[in-house]
Amino acid sequence: MAQPGRPAFSSQNGAGQPQHQPYSNGPVQSPLMNSACMSDGQGHNSLVPGLYSQQMATKHPLHASSGLYNYGGSQHVSPSSNYHGPGQTLNRPTTGSTSLATSQVGPVTQMFPPLQNSAAISTSSGANLPAHSNWQYGQTPLNQPMMGSQANHFAHSSATAAVQPLPSGNTTLPTSYHYVSSPGGPPVQNSYTKPGSASLPVNQLTYSPVRPPLGPPPIASPALTRPTAPPASIASEPVQNSTTKQEGDATSIASDGSLIQNNYDTIEGGGFLANMQSPSAPQNLKMNRHVGSSYPSLPPGYQNTSPPGAPRMQSSGLQYQGGPQQFPPPALGMNPLAASLGGLSLQPEGLRSINLLQDRNILPAVPLQPPAPNLHEDIQKLNCSSELFRCTLTNIPQTQALLNKAKLPLGLLLHPFKDLSQLPVVTSSTIVRCRSCRTYINPFVSFLDQRRWKCNLCYRVNDVPEEFMYNPVTRVYGEPHKRPEVQNATIEFMAPSEYMLRPPQPPVYLFAFDVSHNAVETGYLNTVCRTLLDNLDLLPGNTRTKVGFITFDSTIHFYSLQEGLSQPQMLIVSDIEDVFIPMPENLLVNLNESKELIQDLLKTLPEMFTKSLETQSALGPALQAAFKLMSPTGGRISVFQTQLPSLGAGALKPREEPNQKASAKDIHLTPSTDFYKKLALDCSGQQVAVDLFLLSGQYADLASLGCISRYSAGSVYYYQSYHHQHNPLLVEKLQKELKRYLTRKIGFEAVMRIRCTKGLSIHTFHGNFFVRSTDLLSLPNVNPDAGYAVQMSVEESLTDMQVVCFQSALLYTSSKGERRIRVHTLCLPVVTQLSDVYLGADVQAIMGLLANMAVDRSVSASLSDARDALVNAVIDSLSAYRSSVLTIQQPGLMAPISLRLFPLYVLALLKQKAFQTGTNTRLDDRIFTMCQVKNQPLVYLMLMMHPNLYRVDNLTDEGALNISDRTIPQPPILQLSVEKINRDGAYLMDAGSVMFLWVGKNCGQNFISHVLGVSDYASIPHNMTHLPELDTAESSRVLAFISWLREQRPFFPILYIIRDESPWKPSFLQNMIEDRTESALSYYEFLLHIQQQVNK
């Protein structure tokens, strides 16, 4: 336990919520909308599900203080009953007094007369949240007050019962409560669908090698039980799960008589708290959960099927004799060698203790690899890649008490939409899923016989559909265990119409440009328009792709690109208080049909506002207009902003004093208004995501502006002090990153759910999204560069289980208009010993989760509280290890080898911009770093947290990689200390978004002339940022190595070449994590502090 009075991470995600009157501007309200206890989200009801009708947003009351940008923490918003906002009618007919100003592209003088403002937005001052007294990785019990970090979840309530706020993720409800299964993504907690819901279909393409089935064996040979039909009352009146009827509330009956829910919370099924007992499920009164303790053998006709290419076998020829026979399987929970040596007292290498104060050189010379789960090799080779799915503990504690004793957080880090070189895609008439918890069939289920399989998450026995019996690749009938769905832990399904609320939306891209005087001065429009022109044909999409443009200063400018016009036509709206859309049918146009007009506009835009003296910026009204324009279809808004918004809704005032020291006190990490959060929630409900490109030299209040991307599943890009002449490096960076942004894969109208084995629960989410219906992540856009994290707890003892599984399912529409489901499944062993928990600790995943938790703590409490909590995480875990695992107490600071880098990584995190103190850290810089922590996949987050240092003046081909006929040197990674740097060498520091090449004063002439291309050290320019391409072996190796590092990330790191007098030298030294700085301890001093606390 953390000591009383010390900050500690609270994993509880619930918060007690004040009562407010609901408000709505939508035509239909769910009966649950009037609950007095709602969290800060909102549902959305469509008028006609399945059509591109305008969907009206039905708003839930928000919490009572201004919208805090707490990245998934508790959000409190005033009850803005008079908020009309972005959910109102799209088009307002012009009145006689309002004339529409139209002109050809060029200087425009006509304006709209201002109209009466009808949308007032009330905001209230935010209240500071109390700091936690201790850190708990498990969930807070129901009887404890809930506060602190919370994702925006709906609390479950009943229309007939008294409303009670319940914590998300760890709740037991009366048996009379019914919850409908949730569609669109995997469930967070192990959950069950409503009775009688049928498996939904899909087909199949690729197949992989055979493997032994995995899963808990049956107790005996249960009789084949056909599920009974659901009661008519249940089929006709599905009970809603908090926000079930959000995006279309119609239901339909499938051809097999099963109920199909036409909303995202029932399409994909298996909601957060569905029925625990399904009447149609076989009543297995006792389940043996010893996964892999024995495998049922298949009947003779199932085992001895004909080889590939043989004539198709007839199902009538298969004979089932008796029950399934048992045979010994490979051991799952331990290595076979370790099992055979069980009688010997051999300590695994991973349990070896090291004294951190003596063993200083602990940083591996090669990139640190995640620990491999202690599973049998046949199972492990089928497991999900750690690049996609990673758990903080690869050995799952059997009980919450054991987890609490270890003082380590339990959670998952996901990179679900990562670009993959190989991805099995299945097109099938049947998507096989568990009828109870809606888990997708995967490599870790067990086949009881040829016709039945047991779910590896809820242990229900399911029938194998007839279509699943045939393998169209091998043309063999009767081998369901050889289908690709059961051979690949990562797989993508082509979803049938049952997984659609409406026809798949077309790709729609809307660009909004700040064209105020400040924006024109930066020259960013030249770079953006030129990059857009170059990549117009590479935008993901098809013949339905639509594009539109908006520019804004103190007014809003629309551009009619109707086919047949000789040139683009500008339409100006000067009434920013009540924005409406002129000629909406001509503003979003088909890219192929209007390509010439679009190209003309992009060529003329940079020159149109060069003489503008307008200094004001109406960002809020421009976003409202963009939202109204995009609402009928959904899509992506890319907004470019260069200053603090100063006019209309969402106007902001400076909160940062010039030259202010960024101390731990009085840092404005929370939004100053809830406008951008509420607009983002409206966008999310209409499948619109907003990506923010901030190019500002002055304070722009990213804490407030970032909410528009954070809650709509968008991204934030920040280019500090962008200027095309004064800062040309950022021009290249913007150009490269914008090209990646425009051309990368994209998924539209997506939802994601994470399921886990019964007994585990997920209670807190981290990333850019909106949590709909408790556990369904709403992702209007999903991109391959976004990462997510979740916190978990052990809700019930995992007794009798050898392994547990986690499954994420991402339902999305591709840019080609295909509805797809990407599924990842991870299997991990369960352990009962504390030493095994430490043995399987993944220190990088632990740091990724703690960094997300620390961002939430910074916002909900304070920066100093978050810093203390990070330090206490190290103290608590090493104290628990010392007192509970070490049999012989030794002097020094002892740590298991798996956690040897834990103190170093925590110190590195404390020295990064998000959490450092005592230096001149600009507030927007700090907020942007926090945004990166919350949205970056772990591999990029670790590089930002702890840079890699290489010596590059002596590169050789020894141990080099050969990629596409290129030789990539692999120099060893060095410790981040000046002790490791010699003046006669050259060193490359890779800090993720920036690189430094430090050249020592006595560096060899060979490197200076053959790599830098200058005659001597004194000739190295102070502002050198590019290496010349020279016809030398040394130059080729260095350039190949730097290019290879850059290619592995979606952003473009700038390279700074540094000599002793370089202005960038302080930044280089700031990243020397192990050295002392003016405001932070050295690594050795930090270890002494940890030791002092551990030995108390």
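In table form, for the structure just shown:
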| item | result |
| --- | --- |
| Selection count, region 957-969, where residues are open to solvent by 60 Å² or more (accessible area, probe 1.4 Å), in a loop (DSSP other than H, G, I, E, B) and touching a residue at least 24 places away in the same chain (Cβ under 8 Å) | 1 |
| Lone unmet requirement of (1) under 32 Å from the mean Cα position of the chain (by Cα); (2) surrounded by 18 or more Cβ atoms within 10 Å (Cβ to Cβ); (3) closer than 13 Å to residue 997 by Cβ for residue 1072 | (3) |
| Exclusive hit being modelled with pLDDT of 95 or more and either in contact with a Phe, Trp or Tyr (Cβ under 7 Å, 6 or more places away or on another chain) or at positive phi (or both), set 794, 804, 830, 843 | 843 |
| Qualifying residue in region 671-688 (condition: more than 30 Å from residue 794 (Cα to Cα), at pLDDT below 95 and touching a Cys at 6+ places or on another chain (Cβ under 6 Å)) | yes |
| Top-ranked residue of region 1032-1058 - restricted to ones that are part of a helix (DSSP H, G or I) and of a type in the set (Phe, Trp, Tyr), ranked as most open to solvent (accessible area, probe 1.4 Å) | 1044 |
| Selection within region 587-610 - surrounded by 19 or more Cβ atoms within 10 Å (Cβ to Cβ) and in a helix (DSSP H, G or I) | 597, 598, 601, 602, 605, 606, 608 |
| Flag for residue 1029 being closer than 30 Å to residue 959 by Cα, buried (at least 18 other Cβ atoms within 10 Å of the Cβ) and at pLDDT 90 or above | no |
| Members of region 993-1017 that are in contact with a Lys or Arg (Cβ under 7 Å, 6 or more places away or on another chain), buried (at least 20 other Cβ atoms within 10 Å of the Cβ) and assigned to a loop (DSSP other than H, G, I, E, B) | none |
| Selection count, region 439-462, where residues are out of contact with any Cys (no Cβ under 9 Å at 6 or more places or on another chain), open to solvent by 10 Å² or more (accessible area, probe 1.4 Å) and in a loop (DSSP other than H, G, I, E, B) | 1 |
| Residue match in region 410-427 (condition: closer than 15 Å to residue 806 by Cβ, among the aliphatic types (A, V, I, L, M) and surrounded by fewer than 23 Cβ atoms within 10 Å (Cβ to Cβ)) | yes |
| Condition check for residue 883: touching a residue at least 60 places away in the same chain (Cβ under 8 Å), part of a helix (DSSP H, G or I) and not basic (Lys, Arg) | no |
| Members of region 698-725 found to be farther than 20 Å from residue 1052 by Cβ and either in a loop (DSSP other than H, G, I, E, B) or free of Cβ contacts under 8 Å to residues at least 40 places away in the same chain (or both), listed by number | 698, 699, 700, 701, 706, 711, 712, 713 |
| Residue tally, condition modelled with pLDDT of 95 or more and open to solvent by 40 Å² or more (accessible area, probe 1.4 Å), over region 545-584 | 1 |
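Residue-wise test of (1) outside any helix (DSSP H, G or I); (2) among the hydroxyl-bearing types (Ser, Thr, Tyr); (3) open to solvent by 10 Å² or more (accessible area, probe 1.4 Å).
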residue: 790; (1), (2), (3): yes, no, no
residue: 816; (1), (2), (3): yes, no, yes
residue: 821; (1), (2), (3): yes, no, no
residue: 848; (1), (2), (3): no, no, no
residue: 869; (1), (2), (3): no, no, no
residue: 877; (1), (2), (3): no, yes, no
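Quick grid of which residues meet (1) in contact (Cβ under 8 Å) with a residue 40 or more places away in the chain; (2) more than 30 Å from residue 609 (Cβ to Cβ); (3) touching a strand residue (DSSP E or B) at 6+ places or on another chain (Cβ under 8 Å):
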| site | (1), (2), (3) |
| --- | --- |
| 485 | yes, yes, yes |
| 488 | yes, yes, no |
| 491 | yes, yes, yes |
| 509 | yes, no, yes |
| 526 | yes, no, no |
| 529 | yes, no, no |
| 532 | yes, no, yes |
| 537 | no, no, no |
| 546 | yes, no, yes |
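The values are calculated or read from the model by the stated rules, or taken from the named source; none is laboratory data. Model, not experiment: these values are computed from the prediction. Cβ: placed from backbone, ideal geometry, glycine included. Neighbour counts: every protein chain shown. Protein only, heavy atoms only, side chains kept; ligands, DNA and RNA dropped before computing areas. Shrake-Rupley method; radii C 1.70, N 1.55, O 1.52, S 1.80 Å.
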